[in-house]
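Take a look at the structure set out below.
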Amino acid sequence: MRVYSGASSVLPRLLIVLHDLAMVALVWTSLRWLASYAGAPPASALGLELAIVAGTQGVVLRMVGLYQGLWRFASLPDLANLVRAALLGVLLIVCILFLLGMLDMVPRRVLFPYPIALVVALGMPRLLYRLWKDHRQGKGNGATERVLVLGAGRTAETLLRDLRSDGRYQPVGLLDDQRALKGVKVQGVPVLGSIDELPYIAQETAPKLIVIAMPSASAAEMQRVVSLCDETGLPFRTVPRLSDMLAGKPQRLELSEVRIEDLLGRKPVEFGAAEAAVQGKRVMVTGAGGSIGSELARQCAAAGARSVMLLERAELPLDDVASELRRNFPHLDVLPVLADCGDAVACRIALAEGMDYVFHAAACKQVPMLEGQVREALRNNVRATATLARACRDAGVGNFVLISTDKAICPINVLGASKRFAELVCQAELEGSQVQLSVVRFGNVLDSAGSVVPLFRKQISQGGPVTVTHPEVTRYFMTIPEACQLILHSVSLGRDPSSVYALDMGRPVAIRELAEQMIRLSGKRPGIDIAVSYTGLRPGEKLHEILFHPDERYQRTRHPRILQAAPREVRGDVQRALLARLDQLLADARSEQALVALLREAVPEYTPGPEGGETPAASFPSQE
C-alpha cells in the first residue's frame, strides 16, 4: 500500500516535468522551423541541440523551484519563476553552445524570442488549468452560500481567492467606504457601494452571510460595522486574525466570529518583547490556577524563565496549569506548590532556595460577594499578602509584584479597601529591604473568571435576558494578554524601591453597550430576540471607576501607555500595629463589625455606599 501511495504522489510531478520538457523541445523546434522558413540555414544537428536545450532548461526549471508548487494554485510568483528560468536558461544554453563550438550554427532569431515563447508555452497551460479547476469547483457544489464582503483591500482580494477555492461560498459583491472604488471589480467581483449602504444592498443582493475583511479597522469602526450588520438581520463573520493563522491554519477556509476584544473601544496595547525581564530567572506566581496567574505563568515560561513555581490552593487548577507548562515547555523547571499564601511556613519553604521574582496574583476579587465576607477578604487579601511579603523580605527576593485593582483608588467596597490595605502593608513590610516593590493596578479583565463577559455569554446562550446593573454604568477594560504584559513590563521600567503602575485604557466602556454588542455578535437583536434587563447596582458597586488617586502624580514611562507613580507615603509602625490588631480580630469569631471598623481606620478614604468615593478622576499625563 505504501509503495502505491508513493507512486501516486510522484506520478503527477513526473508528468509535469515531462510536459515542461516537451514544451521546451516544441518551442525550440518551432523557432528553428520559423527561422528556416525565413531563410536561415536548416539545423545540421537538431537532435544534439534539443538534448542540450532540454537538459539545460530542465535543470534550471528545477533550480528556480518551479516544481515546489501546484498548478492548482499557480499565481504571480510562479510566473516570476518562469521568467527567471527562461532568462537563466537561454544564457546557459548560449554558454554551452559556445563552448561546444555550435553557437554560430544557431540563428539569433531563435535565441532572442526563445525566453518569451518559453514563458508563454509553460505559463498558459498552468493558467488554463487553474481557471478550469476554479470554475469546476465553483459549479460543482450546488449548496454554495452567497456572501457579501465588507472591505475591498488586499485582505478582501485574498479572501475572494480563498472563498472561490473553498467551494462553499459564492461572493456576490464588495462594499468599501472609498468612493473611487465603486464599480471597480476585484477578482471579478464588483464593488457595489459604501458600507453605510449595507442594509439596502443586502436586500438587493440577497446574501446568506456577511464577511468583514477589514483587519485595520479601529474599535469604533468595528462597532459601526457590527451595528450595520445587525440591521440586516444576517449572520456575519470576520476573516481569521494573523495570530490565529500562525497558530495553525486549517485545511479549509474558516471564518471566525467577531471577537469582543475588537469592540474594546480602543486598539489593544502593543507592549513588544518583555523577555529580558524574566529570562533565565526564577519566578513564583501565586494564584497560579486563576485567569491572570495561569496566563502570567505561560508568558514567563515563553519568555525563557529558568524555573516557574506555581503556588495555588485549588488542586485541580494547579494540576492543569502545571501539566500544560510541562507539556508545552519540556525543558522548563515547573514547581507546583499546593498551599495558601497565608501559610507562613509554606511561604518560607517555597522561597528557601531563592527567588528572583514573585508575582502575587492570589486574591478574592468578587465585589458583591466580599461585601458580606469581610473576614475572608481581610484574611486573604491583606493578612496573606503581608505574610508573603514578609517571607520575600526574609528570603531576599529580588522583586515583589502585587497585583492590585483600580477599585483600590478611593474605594467604596470591601474588595477595593482590602486591596488598598494590602498595598499599604506591602510598603510597610518591604520598607528598607532590598526587595523592589511594584504595585500593578488593573481595570476589569475581559473574559477572566468572574467578569461580565462569560456571564453575558451564558445568558445569551440560554436565550436571555442579559442582566445589566444600571443603564449608565461604565468600566475600564483590558484583555488578559494586556494585563500580563503590563505585569512583566512593570518590573523592568523603573528601579525605585517601590512604584505603582497602571495602563492607560482609553475611555471607559458602557456595560449596556457591551451587552448589546455581545448580543449582536451572537446573531441576535438586543431588545427583540434577547431582552436586556436592569437589576440595579449590587452591594459595593458604583457607576464609574477612577484610575488613580489625585495625590499620586503619574508619569509616562518608556512605554507611552504605561503610567508610573510613586506610592503615597505610609508609616510602617502604624501599619504593623494595624496588622497586629487584624491578627487578633481574625482569631475572634464575633469580630465582623470590628473588622469593618479596622478596615475603615486603615484606609481612611474607604467610604462604603453605592456612590461613595465617586471622586473625580485625575487626567492622564499628556503624551507631549
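The values are calculated or read from the model by the stated rules, or taken from the named source; none is laboratory data. Treat the numbers as computed from the prediction; the structure is a model and nothing was measured. Positions of Cβ are backbone-derived with ideal geometry, glycine not excepted, and every protein chain shown enters the neighbour counts. Protein only, heavy atoms only, side chains kept; ligands, DNA and RNA dropped before computing areas. Shrake-Rupley method; radii C 1.70, N 1.55, O 1.52, S 1.80 Å.
Within region 450-478, can you find the residues that are part of a loop (DSSP other than H, G, I, E, B) and small (Gly, Ala, Ser)? It would help to see each step written out before you state the result.
First pass over region 450-478, keeping only residues part of a loop (DSSP other than H, G, I, E, B): 450-451, 462-465, 469-473, 476.
Across region 450-478, the qualifying residues are Gly450, Ser451, Gly463, Gly464.
Of everything in region 143-160 that's open to solvent by 10 Å² or more (accessible area, probe 1.4 Å) and of a type in the set (Val, Ile, Thr), which residue is nearest to Leu209 (Cα to Cα)? Only one residue tops the list, namely Thr144.
Kindly indicate the residue of region 166-193 that is open to solvent by less than 30 Å² (accessible area, probe 1.4 Å) and either at pLDDT below 80 or polar (S, T, N, Q) (or both) and also nearest to Thr238 (Cα to Cα) among those meeting that condition. Please lay out each step first, then the result.
Keep residues of region 166-193 that are open to solvent by less than 30 Å² (accessible area, probe 1.4 Å), which gives 166-167, 171-176, 186, 189, 191, 193.
Still in the list and also either at pLDDT below 80 or polar (S, T, N, Q) (or both): 166-167.
Numbers: Asp166: 16, Gly167: 18 Å.
Residue satisfying both the conditions and the ranking: Asp166.
To keep it simple, each residue is scored yes or no on (1) of a type in the set (Asp, Glu); (2) more than 25 Å from Leu503 (Cβ to Cβ); (3) modelled with pLDDT under 90.
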| site | (1), (2), (3) |
| --- | --- |
| Gln555 | no, no, yes |
| Ala566 | no, no, yes |
| Gly572 | no, yes, yes |
| Asp588 | yes, yes, yes |
| Ser591 | no, yes, yes |
| Gly609 | no, yes, yes |
| Pro621 | no, no, yes |
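Checked against (1) of a type outside the set (Ser, Thr, Tyr); (2) crowded, with 20+ Cβ neighbours inside 10 Å; (3) in contact with an Asp or Glu (Cβ under 6 Å, 6 or more places away or on another chain), Leu503 meets all criteria but (3). Among residues of region 175-189 that are in contact (Cβ under 8 Å) with a residue 24 or more places away in the chain, those with a Cβ under 7 angstrom from a residue that is open to solvent by 60 Å² or more (accessible area, probe 1.4 Å) and not hydrophobic (A, V, I, L, M, F, W, C), sequence gap 6+ or separate chain, pair up as Leu175/Glu197; Val186/Glu157; Gln187/Glu157; Gln187/Arg161. Restricting attention to region 371-389, the residues being open to solvent by 10 Å² or more (accessible area, probe 1.4 Å) and part of a helix (DSSP H, G or I) number 7.
Please determine whether any residue of region 55-62 is in a loop (DSSP other than H, G, I, E, B), out of contact with any strand residue (DSSP E or B) (no Cβ under 6 Å at 6 or more places or on another chain), modelled with pLDDT of 75 or more and not basic (Lys, Arg). Looking through region 55-62, none of the residues is in a loop (DSSP other than H, G, I, E, B), out of contact with any strand residue (DSSP E or B) (no Cβ under 6 Å at 6 or more places or on another chain), modelled with pLDDT of 75 or more and not basic (Lys, Arg).
Within region 310-330, is there a residue that is charged (D, E, K, R), buried (at least 23 other Cβ atoms within 10 Å of the Cβ) and either without any contact (Cβ under 8 Å) to a residue 60 or more places away in the chain or outside any loop (DSSP other than H, G, I, E, B) (or both)? Talk me through it step by step, then tell me what you get.
We begin by selecting, within region 310-330, every residue charged (D, E, K, R); these are 312-313, 315, 319-320, 324, 326-327.
Now restrict to residues that are buried (at least 23 other Cβ atoms within 10 Å of the Cβ): 312.
Checking which are either without any contact (Cβ under 8 Å) to a residue 60 or more places away in the chain or outside any loop (DSSP other than H, G, I, E, B) (or both) leaves us with 312.
Yes: one or more hits.
As a summary of the residue check, Ala395 satisfies the conditions (1) surrounded by 20 or more Cβ atoms within 10 Å (Cβ to Cβ); (2) over 33 Å from the mean Cα position of the chain (by Cα) except for the one numbered (1). Taken over region 572-598, residues that are part of a helix (DSSP H, G or I) and touching a Leu at 6+ places or on another chain (Cβ under 8 Å) amount to 9.
Taking the options Arg512, Arg475, name whichever one is among the basic types (Lys, Arg) and open to solvent by less than 30 Å² (accessible area, probe 1.4 Å).
Of the residues listed, the single one that is among the basic types (Lys, Arg) and open to solvent by less than 30 Å² (accessible area, probe 1.4 Å) is Arg475.
When Val367, Val401 are checked against the criterion of being under 29 Å from the mean Cα position of the chain (by Cα), farther than 26 Å from Lys542 by Cα and open to solvent by less than 50 Å² (accessible area, probe 1.4 Å), Val401 stands alone in meeting it.
For region 548-591, filtering for residues that are in contact with a helix residue (DSSP H, G or I) (Cβ under 6 Å, 6 or more places away or on another chain) and closer than 26 Å to Val473 by Cβ leaves 0. Could you list all residues from region 17-27 that are in contact (Cβ under 8 Å) with a residue 40 or more places away in the chain, buried (at least 17 other Cβ atoms within 10 Å of the Cβ) and aliphatic (A, V, I, L, M)? Across region 17-27, the qualifying residues are Met23, Val24, Val27.
Return the total of residues in region 93-125 being within 15 Å of Leu82 (Cα to Cα) and touching a residue at least 24 places away in the same chain (Cβ under 8 Å). Don't jump to the end; show me each part of the working.
Filtering region 93-125 for residues within 15 Å of Leu82 (Cα to Cα) gives 113-125.
Within this subset, residues satisfying the condition of being touching a residue at least 24 places away in the same chain (Cβ under 8 Å) are 113-119, 121-123, 125.
The total comes to 11.
Cβ-Cβ under 7 Å, sequence separation 6+ or interchain: first residue in region 28-54 and open to solvent by 30 Å² or more (accessible area, probe 1.4 Å), partner not in a helix (DSSP H, G or I). Which pairs? If the second residue must be not in a helix (DSSP H, G or I), the pairs left are Ser36/Pro42. With respect to Thr615, is the statement that it is in a loop (DSSP other than H, G, I, E, B), open to solvent by 30 Å² or more (accessible area, probe 1.4 Å), closer than 25 Å to Ile511 by Cβ and modelled with pLDDT of 75 or more true? No, not satisfied.
Could you tell me whether region 521-536 includes any residue that is under 23 Å from the mean Cα position of the chain (by Cα), at pLDDT below 75 and either part of a helix (DSSP H, G or I) or crowded, with 18+ Cβ neighbours inside 10 Å (or both)? For region 521-536, residues under 23 Å from the mean Cα position of the chain (by Cα), at pLDDT below 75 and either part of a helix (DSSP H, G or I) or crowded, with 18+ Cβ neighbours inside 10 Å (or both): present.
Just give me the residues in region 337-361 being open to solvent by 20 Å² or more (accessible area, probe 1.4 Å) and closer than 20 Å to Leu424 by Cβ, in sequence order. Gly342, Ala344 - these are the residues of region 337-361 that are open to solvent by 20 Å² or more (accessible area, probe 1.4 Å) and closer than 20 Å to Leu424 by Cβ.
In region 438-449, is there at least one residue being assigned to a helix (DSSP H, G or I) and either open to solvent by less than 10 Å² (accessible area, probe 1.4 Å) or among the hydroxyl-bearing types (Ser, Thr, Tyr) (or both)? Scanning region 438-449, I find no residue that is assigned to a helix (DSSP H, G or I) and either open to solvent by less than 10 Å² (accessible area, probe 1.4 Å) or among the hydroxyl-bearing types (Ser, Thr, Tyr) (or both), so the answer is no. Summed over region 542-568, residues that are farther than 21 Å from Leu493 by Cα, surrounded by fewer than 20 Cβ atoms within 10 Å (Cβ to Cβ) and not aliphatic (A, V, I, L, M) total 3.
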